[in-house]
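**Student:** Take a look at this one; I'll ask things after.
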Amino acid sequence: MREEFYKIKRLPPYVFEEVNKVKAKLRNEGVDIIDFGMGNPDLPVPQHIIDKLCENANKPRTNRYSASKGIPGLRKAIAGYYDRRFGVKLNPDTQVVSTLGSKEGFANLAQAICAPGDVVIAPNPSYPIHAFGFIMAGGVIRHIEAHTPEQYLSGIERAVRHSVPPPIAMILCYPSNPTAQVVDLDFYKEALRIAKKHDLIIISDMAYSEIYFDENKPTPSILQVEGAMDNTVEITTLSKTYSMAGFRVGFALGNEKILAALARVKSYLDYGAYTPIQVAATAALNGPQECVTEMRNIYKRRRDVLIESFANAGWDIEKPEASMFAWTKIPEKYRAMRSVEFSKLLLEKAAIAVAPGAGFGEYGDEYVRIALVENEQRIRQAARSIKKLFSE
């Protein structure tokens, strides 16, 4: 048997694994780790969603195979959400596909539209699936440095000119994971202009659409821009909005032709999420939304405590406008260590886990990502440990 398979050889070593091994070792030794590493929501799922899940799990018919592209009620619910939230009209039969979380949506969308050797433009740093979904499909990633939205946008046309063959798609992600940056509709209008000029598909990741911290500036959707439906698919998820990460409910929305291709790929691979989960997700979208505001306010308070307490410890962090992350440069005295070694130092000397920026691309190696998934008391405890470490 071959030592390595073709697609596995195309994947680099998992950057986070080195830090995870240290974390696991310390936990086995009984060390209490304050874990800001993974964006894994710690808040409870709203009770009315759990109640709907349990109610439907007790119905024998719901334990049968479900619908690969999502049950009709769920597709109608997300279409209703987009209408209320963004003023975007979607046909739930042709412009909505339910996915098993946003990662599966990205991976299978890549399988649907990407041929071996196709070039895709992706921001760097960025969430790993943005690149590796296409790499596993046989594509080639053209990375563009993206420490700001403007930097990314300005590099796209240059990348198109110097790519052979010409790119087929470009990826957007705002609010950004990992950088937590946001954009306005003018940004999306310019992105769409560039994409249409060069015949590019746009894939927009909106996983953090409801975690924004200025109530007067809710995050926009690219589908609000006139003409976006011609070449755009937006991918979103309920994981963060309702703290439903383990439910694995996401959506791909937008262009009918692209979504038909995605639906066909999925029809060969899965039967959709467990029906009671889809019914619970429908209840989340159609039900009371005060829970979303409450979660947003919790993340905002955590953000403020993080910024204040870490500054007092000697680590100045730029205040994120959205998402459940802070993206910050490694303090100057430790920057030469780069992100993996600095992350291991925080674990071993302060019992604090963060995500090394190198895991999000080569241009992230001077940064770490801090997830707002510990409560305010634990954030302050972490700041005290950091202050002690920095003073040594």
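The values are calculated or read from the model by the stated rules, or taken from the named source; none is laboratory data. Remember, it's a predicted structure, so these values are computed and weren't measured experimentally. Neighbour counts are summed over all protein chains in view; Cβ atoms, including those assigned to glycine, are modelled from backbone coordinates with ideal geometry.
**Student:** Taking the residues in segment 82-125 that are at pLDDT 95 or above and of a type in the set (Ser, Thr, Tyr) as candidates, determine which candidate is nearest to TYR212 (Cα to Cα).
**Tutor:** Going through the qualifying residues, I end up with TYR82.
**Student:** Next up: Could you say whether any residue in segment 210-220 is closer than 20 Å to GLY364 by Cβ, within 22 Å of the chain's Cα centre (by Cα) and not hydrophobic (A, V, I, L, M, F, W, C)?
**Tutor:** no
**Student:** Here is a follow-up. Looking at segment 292-329 only, could you name the residues that are over 24 Å from LEU238 (Cα atoms) and in contact (Cβ under 8 Å) with a residue 24 or more places away in the chain?
**Tutor:** VAL305, LEU306, SER309, PHE310, ASN312, ALA313, GLY314, TRP315, ILE317, THR328, LYS329
**Student:** Quick one: which of ILE135, ILE202 is free of Cβ contacts under 8 Å to residues at least 60 places away in the same chain and either out of contact with any Lys or Arg (no Cβ under 6 Å at 6 or more places or on another chain) or within 29 Å of VAL368 (Cα to Cα) (or both)? Talk me through it step by step, then tell me what you get.
**Tutor:** Working: ILE135 fails: free of Cβ contacts under 8 Å to residues at least 60 places away in the same chain.
The match here is ILE202.
**Student:** With respect to ALA110, determine if the residue is part of a strand (DSSP E or B), surrounded by 21 or more Cβ atoms within 10 Å (Cβ to Cβ) and not β-branched (Val, Ile, Thr).
**Tutor:** Details: part of a strand (DSSP E or B): no; surrounded by 21 or more Cβ atoms within 10 Å (Cβ to Cβ): yes; not β-branched (Val, Ile, Thr): yes.
So ALA110 does not fit the description; no.
**Student:** For the list (1) in contact (Cβ under 8 Å) with a residue 12 or more places away in the chain; (2) assigned by TED's automatic domain parsing to the domain that holds LYS25, I need the number of the one condition that ALA281 fails.
**Tutor:** Among (1) in contact (Cβ under 8 Å) with a residue 12 or more places away in the chain; (2) assigned by TED's automatic domain parsing to the domain that holds LYS25, the lone unmet condition for ALA281 is (2).
**Student:** Moving to a separate point now. Determine whether segment 47-70 contains at least one residue that is within 29 Å of ILE370 (Cα to Cα) and either modelled with pLDDT under 95 or not β-branched (Val, Ile, Thr) (or both). Full working, then the answer.
**Tutor:** From segment 47-70, those within 29 Å of ILE370 (Cα to Cα) are 47, 49-50; that's our starting set.
Imposing the further condition that a residue be either modelled with pLDDT under 95 or not β-branched (Val, Ile, Thr) (or both) reduces the set to 47.
Taking every residue of segment 47-70 in turn, at least one turns out to be within 29 Å of ILE370 (Cα to Cα) and either modelled with pLDDT under 95 or not β-branched (Val, Ile, Thr) (or both).
**Student:** Pull up segment 52-83, narrow it to residues that are touching a strand residue (DSSP E or B) at 6+ places or on another chain (Cβ under 9 Å) and not in a helix (DSSP H, G or I), then point me to the one that is surrounded by the most Cβ atoms within 10 Å (Cβ to Cβ).
**Tutor:** GLY70
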